Each structure stands twice: as structure tokens, then as C-alpha cells.
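What follows is one structure encoded as C-alpha cells, with my remarks underneath.
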Amino acid sequence: MLKTRIIPCLDVKDGRVVKGINFLDLIDAGDPVEQAKIYSEVGADEICFLDISASIEKRKTMINIVAKTAEHVFIPLTVGGGINEIEDIRALLKSGADKVSINTAAILNENLIKDSSQRFGSQCIVAAVDAKRHNNDWIVYSHGGTKNTGIKVFSWLEKLQQLGAGEILLTSMDRDGTKNGFDLELLKKSTDLLTIPVIASGGVGNLKHFEEGVTKGGASALLAASVFHFAEFSIKEVKKFLNDKKIPVRIN
Amino acid sequence: MKKKVAIIDYGLGNIVSAQQSFIKDAREHNLNADVVITKDVETINNSTHIVLPGQGAFNSCIEGLKSIDGMIDSLENNVLNKKKPFLGICVGMQLLADEGRENGTHNGLGWIKGSTKKLKPNNLKLPHMGWNNVNVINKNFDMDFPIDNLDFYFVHSYYFDCFDKKNIIATTDYDLKFPSIVGKENIYGVQFHPEKSSNQGLRLINSFLKL
């Protein structure tokens, strides 16, 4: 049976993890490679690096980080942030990333999803969508959630699927950082609409929230950042909780 | 004897992970092994083990292989005549079939009887993406599979429909029980990504390296 994936996301700025686990035995807590190794050892199903560097120059360090991670970590690695063109995707995949996550660049240029999925395969193209509630609908935001695009979320999701995205990373901006749980209405509508898998993101604050993401939201994978980094609970605890609730997770 | 592993490069995305996982495994088990990514026919002729990765569509993969001068001939000579251990991964496994039905019907390598077809799961997402367990149903092979019922990382929308059941080593359930490991003499194929499947993936790679 296919298992629900638990994915920790690491924010990386200028080659350093800005939010990270405070493990005492970690030699360098700011080193993304060290963090990825630990997450893999404790049972993460995939790892996500989100590059939040401000400049293109600084982003180049991500290529080296990905290459070093690929030497040590043998679970899928997704890299997002600052991907503008097909050459950026090629460089990341070549250095050892398994998937790239594309957000603003897909809004500016729809062909990027189409061209990259045709060239490299849909399996490595994750379309990231930042959604914000407006009255009774949801609107897509770009540029790290700062810009209202005016595009409706559900039509954009269908478009991304049709263009060839292999999965969707859906973040609720209203819930992100609140610890009030996923936006289940947004999530459910999206997973009902799409045939490709949806990774739920934004708002998880307790173990019950993970469960609801699957049972009420229909998510194929659950992504979280701060609850893991600040060690509020571990990946093992999340998996044990889900397993007890009869939601299949990988425990081997 | 020194193992020389040739991982075939025909212009795909991430094959660094495959190389790194073989290197790590050889190091951990004190195996003397060179692991190279190559499209050079001479290097393949000098190898002891051949790995064919695969990502994307069946037709672009087979075209990619054909576009390298002498590649198909070299593979056939090394695998079918010289019987070197061969491992196809994901689409690299599907290419073993007679044909693939993705973007039209295309000829495969035809080393194991079968056809590549689209998964059509009821109320389940496509691609079949994530960790799923592998049930070993046939242990009648030189390669050891000490991995029964463990989870491996899959990402695919097509599967290898094996015509001869004796070529199926393991199956995985995604609405349909599809072959997740196939084999015939020295030829093996896995639908999942061992190089992305944590410790159990490395264990499988180790079994292959021991051949």
C-alpha cells in the first residue's frame, strides 16, 4: 500500500539553514547537508530545501549543497526557490536533486512547466502554489507570497496539471505559521479536483493536524518546517500517531 | 576481483544519486569497485556490472539510447552474450519489455517478454509516487532479495506487464498488483528507485554488486 509521505522543509539562505533542528550532537547546525542526513536517519520520506537567498550569486551555492547532499542522503530531494529558467532546473537535477519546485516562474512563464516536464519528466517537476483566501475563493500569490496575481487557485491548479506538473505543493498563506492546522477546505477541494498528488503545507501545529490533512484533506504528503525544526515533535512521533490511526506510513 | 560498474548516461536528469549509492555501498562493504557514469561503449565493454537508469517517457528513453552510436549493440553483446549482471531502474526496467505504450507504441529492448502499460488506479493519484511495499514472490534467482515487504520509493505512471509469470520476482499493490522486480538469468529490473530508498535500497544494490 502506498504510504503518506512526511516531508521536512529546510529554509536555506546563502548556503546556511536559517530554521533548523537544535540537535546537541550536530557539529554544524547551520549546514544543510548535516540537517538532511539527520532527517533521513530519523525517517523523513523526502527532504525539501527552500532557497531564500536574496541574490542570484548566493543561490549558486545551492548547487554545491545539493551535490554534497546527494553523496550522503539516499531519499528524494526537492529543491525550490529562485528557479527561473530551464537551465536552473537542469543544473539542479544534474548535481543530484530529484525534483525542483517551481512557483513564481511558472506564473510568469507557463511554458516553463510544460517544457521542463517534457524534457526531464513530470516526476521531477513540482508546482508550488501559495494560496490566500479572498471571500469565498482562493487567490494565487507570487514572489514569496507578496504579490496578488488575481489568478484563482482552482483554475491555476488544473492548468498546472495539464501543463505537466507531477505534483502540487499547496501552501495556505492564511494558515502558514499559525499552527491552527491545514486549510482543509482548500486542501479537500484541490485533492478532489486533481489527479496528481498534492503535498499539504502551512499551518500544522499538532499531531491531529497531520491526520486531518490526510483523512479530511486527501493529501498524499505532508510538509512541515517549524514543528520539526524546533523539535516540538519528531518525525517518528508523527508516524507513530498516523500509524495508530490506521493511516499507512513508512516505518521501516 | 575488482567490480567495474557502468551506469549508462543517455542525457537524463539526476543519475548522480545512482552513482553515489553504489559508491557508498561498495565502501561500506569493503568491495573493491569502480563506479562510473558513462556513454562510452569501450567502458561498457570493460565493465563487470551494467546499470540502466531511466526517467521520463519510454519513447524518449529508448530514443536516447539509440542515439548513441553502438550503444544497443554493446548492451546486447555484454548482457545477452557475455551475461554480465544488468540492473534496469524505473524506465530502465520498462525498456526491457518488447514494447512500451507511452506516447504511441514503441519497441523496447525485448529482453524480457512483456509490454509497458499505463496504471489506471480507481480513485488513486497518478503518478504512483512515494513509498510502497514490495512482496517477493519468487526467490529462484542468483540475486538475493532480503527485502520482503519493505517500502521502496516509486515514481511512475506506467508498469511492466510481464507475459511470463516466472520473470516476476516481486509485486507491489496500487489498485493493481504490478511487477515491481523482474528478472531473467543475469538481467534484473526494478520499478522503484533503490538509490532513493534509504537503507533497504542500499541493501538491494549490495545484492546486485555481489553477483
Inset, instruction - Give just the number: which of (1) surrounded by 16 or more Cβ atoms within 10 Å (Cβ to Cβ); (2) free of Cβ contacts under 8 Å to residues at least 60 places away in the same chain does residue B:93 not satisfy? - result: (2)
Inset, instruction - Answer yes or no: is there a residue in the range B:104-123 that is open to solvent by less than 50 Å² (accessible area, probe 1.4 Å), touching a His at 6+ places or on another chain (Cβ under 8 Å) and not acidic (Asp, Glu). - result: yes
Inset, instruction - Hand me the list of strands (runs of 3 or more DSSP E) wholly inside the range A:93-183 holding 3 or more residues that are of a type outside the set (D, E, K, R) and either closer than 23 Å to residue A:222 by Cα or without any contact (Cβ under 8 Å) to a residue 40 or more places away in the chain (or both). - result: A:99-102, A:125-134, A:137-142, A:167-172
Legend entry - Candidate set from the range B:1-57 (those that are of a type in the set (Gly, Ala, Ser) and part of a loop (DSSP other than H, G, I, E, B)); member that is most open to solvent (accessible area, probe 1.4 Å): B:11
Legend entry - Meets criteria (under 14 Å from the mean Cα position of the chain (by Cα) and either within 13 Å of chain B (Cβ to nearest Cβ) or open to solvent by 20 Å² or more (accessible area, probe 1.4 Å) (or both)) for residue A:198: yes
Inset, instruction - Residue by residue through the range A:221-252, note down the ones that are more than 12 Å from chain B (Cβ to nearest Cβ) and part of a loop (DSSP other than H, G, I, E, B). - result: A:225, A:230, A:231, A:232, A:233, A:234, A:245, A:246, A:247
Legend entry - Filter result for the condition that a residue is closer than 25 Å to residue A:230 by Cβ, touching a helix residue (DSSP H, G or I) at 6+ places or on another chain (Cβ under 9 Å) and within 14 Å of another protein chain (Cβ to nearest Cβ), over A:170, A:184: A:170
Legend entry - Which numbered condition residue A:246 fails, given (1) in contact (Cβ under 8 Å) with a residue 12 or more places away in the chain; (2) open to solvent by 10 Å² or more (accessible area, probe 1.4 Å): (1)
Inset, instruction - Can you tell me which residue within the range A:184-220, out of those that are in contact with a Ser or Thr (Cβ under 6 Å, 6 or more places away or on another chain) and part of a helix (DSSP H, G or I), is farthest from residue A:158 (Cα to Cα)? - result: A:214
Legend entry - Residue ID - nearest to residue B:163 (Cα to Cα), chosen from residues in the range B:177-211 that are touching a helix residue (DSSP H, G or I) at 6+ places or on another chain (Cβ under 6 Å) and within 14 Å of chain A (Cβ to nearest Cβ): B:191
Inset, instruction - Please name all residue pairs, on different chains or six or more residues apart, with Cβ atoms under 7 Å, provided the first residue is in the range B:179-205 and is small (Gly, Ala, Ser) and at pLDDT 95 or above and the second residue is open to solvent by 10 Å² or more (accessible area, probe 1.4 Å) and not in a loop (DSSP other than H, G, I, E, B). - result: B:180/B:171; B:183/B:167; B:198/A:40; B:201/B:195
Inset, instruction - For residue A:22, work out the one condition from (1) over 21 Å from residue A:198 (Cβ atoms); (2) modelled with pLDDT under 95; (3) touching an Asp or Glu at 6+ places or on another chain (Cβ under 9 Å) it doesn't fulfil. - result: (3)
Legend entry - Condition met for residue A:99 (of a type in the set (Lys, Arg), open to solvent by 10 Å² or more (accessible area, probe 1.4 Å) and either out of contact with any helix residue (DSSP H, G or I) (no Cβ under 9 Å at 6 or more places or on another chain) or on the phi < 0 side of the Ramachandran plot (or both)): no
Inset, instruction - Might you check whether a residue that is small (Gly, Ala, Ser) and under 18 Å from residue B:125 (Cβ atoms) occurs anywhere in the range A:132-149? - result: no
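Residue-by-condition table, conditions (1) more than 13 Å from chain B (Cβ to nearest Cβ); (2) closer than 19 Å to residue A:166 by Cα; (3) not polar (S, T, N, Q):
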| site | (1), (2), (3) |
| --- | --- |
| A:68 | no, no, yes |
| A:73 | no, no, yes |
| A:78 | no, yes, no |
| A:90 | no, yes, yes |
| A:93 | no, yes, yes |
| A:97 | no, yes, yes |
| A:101 | yes, yes, no |
| A:107 | yes, yes, yes |
Legend entry - Subset of the range B:49-74 [closer than 19 Å to residue B:190 by Cβ and out of contact with any Phe, Trp or Tyr (no Cβ under 8 Å at 6 or more places or on another chain)]: B:53, B:54, B:57, B:62
Inset, instruction - Kindly establish whether residue B:153 is crowded, with 16+ Cβ neighbours inside 10 Å, away from every other protein chain (no Cβ under 13 Å), of a type outside the set (S, T, N, Q) and within 26 Å of residue A:194 (Cα to Cα). - result: no
Inset, instruction - Report, by residue number, each residue of the range B:101-121 that is small (Gly, Ala, Ser) and assigned to a loop (DSSP other than H, G, I, E, B). - result: B:104, B:108, B:110
Inset, instruction - Could you tell me whether residue B:165 is of a type outside the set (Gly, Ala, Ser), without any contact (Cβ under 8 Å) to a residue 12 or more places away in the chain and more than 14 Å from chain A (Cβ to nearest Cβ)? - result: yes
Inset, instruction - Output yes when any residue across the range A:108-126 is among the small types (Gly, Ala, Ser) and modelled with pLDDT of 95 or more, and no when none is. - result: no
Legend entry - Lone unmet requirement of (1) open to solvent by 10 Å² or more (accessible area, probe 1.4 Å); (2) in a strand (DSSP E or B); (3) within 13 Å of chain A (Cβ to nearest Cβ) for residue B:148: (2)
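The values are calculated or read from the model by the stated rules, or taken from the named source; none is laboratory data. For clarity, every value in this text was computed on a predicted model and none was experimentally measured. Reconstructed Cβ throughout: ideal geometry from the backbone, glycine too, with neighbour counts over all protein chains shown. Surface accessibility is based on the protein's heavy atoms, side chains included, excluding ligands, DNA and RNA. Shrake-Rupley method; radii C 1.70, N 1.55, O 1.52, S 1.80 Å.
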